[in-house]
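Contents: one structure, followed by commentary.
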Amino acid sequence: MKPIEIFELIKTENAKLVNKVPDRVGAKIVGAAFATIAKQIASAPDGKVKIKGLGTFRMKHVEREKDGQKVSRTRIGFKPAPAKAKAAKGDRQARTAARAARKAGKADSGKKAG
């Protein structure tokens, strides 16, 4: 995929986010983001870069034997971050009610009986 194709997908899915950004500029931003990630991976002391919400990039040096010679190659692996499940409206309301009940319980426990 090319950076312009990625930007076009972003534009399709999040029109409000990039509505006034020209395609050429958006493609340059996407390309710069990937270049920055690549530099971070290369310079990471443990070869591991974690990006919140995206996942973890890990660099490994792998040795293989080719024609009787050991050849070292660098491989980059990617493990996506686990997808967050969207809470249903009822779940959110239940959590809010539970939080309010806990706060009310703390307020009541602070009062002295008398």
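For segment 71-87, the count of residues that are at pLDDT below 85, under 30 Å from residue 41 (Cα atoms) and of a type in the set (A, V, I, L, M) is at least one. In the set (1) over 28 Å from residue 84 (Cβ atoms); (2) at pLDDT 90 or above; (3) of a type in the set (A, V, I, L, M, F, W, C), residue 32 fails one condition alone, (1). From (1) part of a loop (DSSP other than H, G, I, E, B); (2) at pLDDT 90 or above, pick out the condition that doesn't hold for residue 50. The one condition residue 50 does not meet is (1).
Each residue in segment 9-27 was checked for being within 22 Å of residue 51 (Cβ to Cβ), surrounded by fewer than 15 Cβ atoms within 10 Å (Cβ to Cβ) and not aliphatic (A, V, I, L, M), and 2 of them qualify.
The values are calculated or read from the model by the stated rules, or taken from the named source; none is laboratory data. Values in this document were obtained by computation on a predicted structure and should not be read as measured data. A quick note on method: Cβ atoms are made from the backbone with ideal geometry, for glycine too, and the neighbour counts reach across all protein chains shown.
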